[in-house]
Amino acid sequence: MFKALMLREADGKVTAAIETVAEDQLPEGDVTVQVSHSTLNYKDGMVLNGLGRLVRQYPHIPGVDFVGVVTQSSHANFKAGDKVILTGWRVGEARWGGYAELARVKGDWLVKLPDGMTPRHAMAIGTAGFTAMLAVMALQAHELTPESGPILVTGAAGGLGSVATAILAKLGYSVTCSTGRAETHAYLKDLGAAEIIDRSTISTPSGKPLDGERWAGAIDAVGGSTLAAVLPQIKYRGSMASCGLAGGNKLETTVIPFLLRGVNILGIDSVQCPMKLRQEAWTRLTRDLPMDKLDSTIEAAKLEDLPRLGKAILDGKVRGRVVVEIG
Ligand code: NDP
């Protein structure tokens, strides 16, 4: 038997409660993991609140990410005692996830916990931080260097934005953070922000196909009208990594920044990210993300706190990263 946060649906309403579950209820998979920590991503907030039709079958154990120790494995790459990380692959939405003491998944989805990284830090990173690393790597693959000019991070005080800010600052980039929360300014400065702007200044497009060239690159967690407003401000041959939709998923813009400035929009997907790129990103995180800065982003939580925090993250009220301590 193991403890889990279980979602049940009745009359179209989703409710969450801590339940005791029998191990033989776990889904198919070749690796079973004793989960020590999980986390809270924006998508977890949607699942906890029954939004976006992400979960089609109840009862359901959410939790998009987890870290833990392998207890049983018939997969060639893993044996009992190995420390492993899972992010993505629709675990926690299409399959039972990490808000439980035990999880069972396909070994092909797991990454070994990198040497020198603690399980707590792995979940402080989680899908949001891993996606931030993928975005930085995509920008660098498109010629972005610290000499190119300032980089804009939107939704900066959220999970993805916080980790992106800390990585970029460590790598020597000049980071401008956009946030709607004045109370996070000191926090963002400490993560390495060179400049902070209010999100209202970049949330409405000017209406012109091109604006003054302002940003060498951008990591965007907000999407919608913010992406449309920033795109015409990207410098010649600069790139914008489109990661999120916290502010909306519609994009109304023109092709002029692509045609006259050679600007790129780089789509970032963490869920089905190929294994080679996944491993490279986790290795880079051990090198490029200062762990003391990561510590400053962490809010510790228990399974019991998740229904409340799941609402808070959808309201844009979670600062940085939540680490859920499970076992
Ligand atoms: P968070 O909620 O932690 O961060 C989102 C931030 O966006 C908030 O903290 C807030 O920042 C800002 N924000 C929230 N609502 C609005 C709004 N209405 N208008 C403008 N800004 C807003 O979420 P995560 O960091 O976990 O995820 C961020 C986004 O990235 C989500 O949309 C998520 O779905 C997406 N994502 C995508 C992945 C992928 O594979 N592509 C993987 C992980 C996440 P502030 O208060 O600083 O303004």
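Any read-out appearing in this document is the output of simple, stated calculations on the displayed coordinates, not a laboratory observation. Predicted model only: the values in this text are computed from it and were never measured. Heads up, the Cβs are rebuilt from the backbone with ideal geometry, glycines too, and the neighbour counts pull from every protein chain shown.
Expressed per residue, the C-alpha convex hull volume of the stretch 1-135 stands at 103 Å³.
Compared with the dominant Cα axis of the chain, that is its longest principal axis, helix 159-170 is turned about 60°. Extent along the principal axes, Cα only, for the stretch 128-267: 37, 28, 24 Å, with the longest axis given first. Taking other C-beta atoms within 10 angstrom as a stand-in for reagent exposure, 325, 252 fall in the order 252, 325, fewest first.
Our estimate of slack between residue 53 and residue 269, defined as 0.36 nm per intervening residue step minus the Cα-Cα distance, is 75.9 nm.
Size of the stretch 142-220: Rg and Dmax of its alpha carbons, in Å, are 12.3, 35. Specify the angular offset, from 0 to 90 degrees and rounded to the nearest 10, of the alpha carbon long axis of helix 275-288 from the longest principal axis of the alpha carbons in the chain. Taking Cα atoms only, the helix is inclined about 70 degrees. Remark: spin-label model distance residue 317-residue 252 equals 3.1 nm, labels positioned 7 Å along the Cα→Cβ axis.
Between the residues 130, 184, 227, the greatest Cα displacement towards the positive end of the dipole of the stretch 128-267, with unit charges on the Cβ of Lys, Arg, Asp and Glu, is found for 227.
Over the chain, Cα pairs under 8 Å with separation of 6+ residues give a relative contact order of 20 percent.
Going from the residue with the fewest nearby Cβ atoms within 10 Å to the one with the most, 2, 258 rank 258, 2.
If you plug the beta carbon distance of residue 90 and residue 115 into 1/(1 + (r/R0)^6) with R0 = 25 Å, you get a FRET efficiency near 0.30.
Note on residue 287 and residue 302: the extension gain reaches 2.5 nm, defined as 0.36 nm multiplied by sequence separation minus the Cα-Cα distance. Computed from the C-beta positions of residue 213 and residue 9, the FRET efficiency with R₀ = 35 Å rounds to 0.10.
Placing pseudo-labels 7 Å out from each Cα toward the beta carbon at residue 194 and residue 142 gives an inter-label distance of 2.0 nm. For the Cα trace of the chain, dividing Rg by the Kirkwood Rh returns an Rg/Rh value of 0.98.
Fewest neighbouring Cβ atoms within 10 Å first, the residues 291, 133, 123 line up as 291, 133, 123.
When the pairs 276/302; 276/311; 208/235; 189/317 are compared against a 24 Å limit on Cα-Cα distance, 276/302; 276/311 fall above it.
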